[in-house]
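Read the structure below first, then the notes.
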Amino acid sequence: MSQYSTQLMTAAQLITDAARASLLKKAVLSKHSAPDTVKTTLTVRQIGGKNCLQAESMHTDNKAKHQNIAIGDDDALLSLLATAGQINILTTLGDAEYRTAKSGKVTLLGGENLQKKLAGATPAAPVVQTLFNNREKQYILSGNEPFLIKLEVSDKNGRVHDKKRAKFRQINRFLELVRDIEDKLPAEGTLRICDLCCGKSYLSFAVYHYFSVIKGRDVRMTGVDLKKDVIEFCNQTAKSLGFDGLEFLCGDVGKYHTDDHVHLVISLHACDIATDLVLSRALAFKADVILSTPCCHHAMAPMLCAPELAFITEHSMLRQKLCDAATDALRLKILEAHGYKTAALELIDPEETPKNILLRGIRKKNPDPAAMQSARKEAERIRAFLLGDATPWWACADIDQTDI
């Protein structure tokens, strides 16, 4: 092992020690010597009843390759680490970073400190749950569902395409969030569900499959979007799958109306104020549950007028982050003003996509009018603080007076 630098061997030892103690979140290898390798992620997995380090390498052709390394196999681990110019080691006790400069000089930042922490780790140290290489245990969907094959998430054999793995994880995570609110929906009778700004409708098919196929419920579900070709494709796909209770309509979400009581409204990445249209429709329907993931927050930034926050807003990147958070917080406050219990949840790992915040609203059976009024006043106060006299977009307006 003398062919390797002391710093690289120390990095390998840190990964091994953290993995053995169940303290390793992951190790990310980048700046690979092989030009076709983009990034490699090391995580602890249990395979065949034994823990090992699984390396998932993403390549420029969007394909992923896997290598399993036994914990303690120093030669195999060092051989892999030596292909990377940068290694970030993330543990529950702290992080370390290995770097190779253009000059060839190598450094290990935070290595000594992390080494001391790992050596002194007690049984009370926060541990990382070991992942199992068993998709059936990890996910609600397995990958061989007919709708996933039709939507080209999986191949004809039910294997998830490498370039669709992130989408597959996103779909499953959303179904987990649906499962969390299942007890807030009627236990009997037909479930009425709407997917507004449905796009290609991955979630429409997934949610319909979950309730109709997995749970055996009677479901009537409608997806609405402006893209005619996409709606035609979705209707044809639903028909070919025998999803008789699933329909798709081409039209303006803001003008969509139904006389039915809607139990669940979902929306994934409705762009900018389209999310506000989704929420306005959901509130008009008095939906029992709302699950909406916003996207592309642009409306507030040009209208922001808050001198007290100039130390943030003078930096364009920070200004946008502030507007993103403020927009979604105001959306939740509006839901509270209409009798909903709200939460902002993480949809998926932010490394998968920055658009990972899900807004959840659960309609209270007996909302407190005083609390609703207080939420409305708070929204108005915050709106005035952020926007001054600027004409607000829907999210910060009084939607009771808005007919859309």
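The values are calculated or read from the model by the stated rules, or taken from the named source; none is laboratory data. All values derive from a computational prediction rather than experimental measurement. Cβ atoms come from the backbone with ideal geometry, glycine included; neighbour counts cover every protein chain shown.
Output the number of residues of region 220-253 satisfying the condition of being part of a helix (DSSP H, G or I), buried (at least 20 other Cβ atoms within 10 Å of the Cβ) and in contact (Cβ under 8 Å) with a residue 24 or more places away in the chain.
Keep residues of region 220-253 that are part of a helix (DSSP H, G or I), which gives 228-241, 253.
Then keep just the ones that are buried (at least 20 other Cβ atoms within 10 Å of the Cβ); that gives 231, 234, 237-238, 253.
From what is left, the residues that are in contact (Cβ under 8 Å) with a residue 24 or more places away in the chain are 234, 237-238, 253.
Counting residues in region 220-253 that are part of a helix (DSSP H, G or I), buried (at least 20 other Cβ atoms within 10 Å of the Cβ) and in contact (Cβ under 8 Å) with a residue 24 or more places away in the chain gives 4.
Where residues in region 1-39 are closer than 16 Å to residue 67 by Cα and charged (D, E, K, R), which of them is farthest from the chain's Cα centre (by Cα)?
Here the answer is 39.
Anything in region 261-286 that is over 15 Å from residue 199 (Cβ atoms), in a helix (DSSP H, G or I) and not acidic (Asp, Glu)? List them, or say none.
Hits for region 261-286 are 279, 280, 281, 282, 283, 284, 285.
Got at least one residue in region 19-33 being of a type in the set (A, V, I, L, M, F, W, C), in contact with a helix residue (DSSP H, G or I) (Cβ under 8 Å, 6 or more places away or on another chain) and not in a strand (DSSP E or B)?
Taking every residue of region 19-33 in turn, at least one turns out to be of a type in the set (A, V, I, L, M, F, W, C), in contact with a helix residue (DSSP H, G or I) (Cβ under 8 Å, 6 or more places away or on another chain) and not in a strand (DSSP E or B).
Please find, within region 307-339, the residue that is nearest to the chain's Cα centre (by Cα) out of those that are surrounded by fewer than 16 Cβ atoms within 10 Å (Cβ to Cβ) and in a loop (DSSP other than H, G, I, E, B).
315
Within region 6-57, work out how many residues are in contact with a Phe, Trp or Tyr (Cβ under 9 Å, 6 or more places away or on another chain), buried (at least 16 other Cβ atoms within 10 Å of the Cβ) and of a type in the set (S, T, N, Q).
Going through region 6-57 one residue at a time, the tally reaches 2.
Listed here are the residues, each with its yes/no results for (1) of a type outside the set (Asp, Glu); (2) touching a Phe, Trp or Tyr at 6+ places or on another chain (Cβ under 6 Å); (3) modelled with pLDDT of 95 or more.
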| site | (1), (2), (3) |
| --- | --- |
| 214 | yes, no, no |
| 219 | yes, yes, yes |
| 228 | yes, no, no |
| 232 | no, no, yes |
| 243 | yes, yes, yes |
| 251 | yes, no, no |
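Please find, within region 347-366, the residue that is farthest from residue 285 (Cα to Cα) out of those that are surrounded by fewer than 16 Cβ atoms within 10 Å (Cβ to Cβ) and modelled with pLDDT of 85 or more.
366
When the residues of region 183-201 are filtered to those that are surrounded by fewer than 16 Cβ atoms within 10 Å (Cβ to Cβ) and either aliphatic (A, V, I, L, M) or more than 22 Å from residue 258 (Cα to Cα) (or both), which remaining residue is nearest to the chain's Cα centre (by Cα)?
Residues of region 183-201 surrounded by fewer than 16 Cβ atoms within 10 Å (Cβ to Cβ): 183-184, 186-190.
Restricting the remaining residues to those that are either aliphatic (A, V, I, L, M) or more than 22 Å from residue 258 (Cα to Cα) (or both) gives 183, 187.
Details: 183: 22, 187: 28 Å.
Per the criteria, the residue is 183.
(1) in contact with a strand residue (DSSP E or B) (Cβ under 6 Å, 6 or more places away or on another chain); (2) free of Cβ contacts under 8 Å to residues at least 24 places away in the same chain; (3) closer than 27 Å to residue 116 by Cα: which one isn't true of residue 19, the others all being true?
(2)
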